[in-house]
Amino acid sequence: MAVGSGEIPELTRAHRILIGVVVAGAVVIAGIGFAGWVAAVRELAVQKGFGNFAYVFGHFSAVAVAVAVAVAVAVAVAVAVAVAT
């Protein structure tokens, strides 16, 4: 395939396996980070006297961060598409 020809290269079996390994590793690392985030925020909320809400506050804050990142990615994609056309 020539550079700049506009053709999309096909993925080989090795490429697909490598992509799967990378995605699985990213999911594991994200899960560890999420669990640590929730535990740390829960502990801080308990110390600050949030009561029973402290046990779900970590989940709410993690979801809020995920939504903010998703919105940022959506805006970036929309801008990239608008610029490309």
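Quick note: the coordinates plus some simple rules give every number you see, no bench work behind them. Predicted model only: the values in this text are computed from it and were never measured. A quick note on method: Cβ atoms are made from the backbone with ideal geometry, for glycine too, and the neighbour counts reach across all protein chains shown.
Summary of computed values
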| read-out | value |
| --- | --- |
| The chain: translational diffusion in µm²/s, Stokes-Einstein, Kirkwood Rh over Cα pairs, 25 °C, 0.890 mPa s | 147 µm²/s |
| Helix axis angle, 54-84 relative to the chain longest principal axis, alpha carbon, degrees | 20 degrees |
| The chain: angle of helix 13-47 to the longest principal axis, Cα-based, in degrees nearest 10 | 20 degrees |
| Net length gained if the chain between S5 and V63 were fully extended (0.36 nm per residue, minus Cα distance) | 16.7 nm |
| Nitroxide proxy distance, nm - points 7 Å out along Cα→Cβ at W37 and V22 | 2.2 nm |
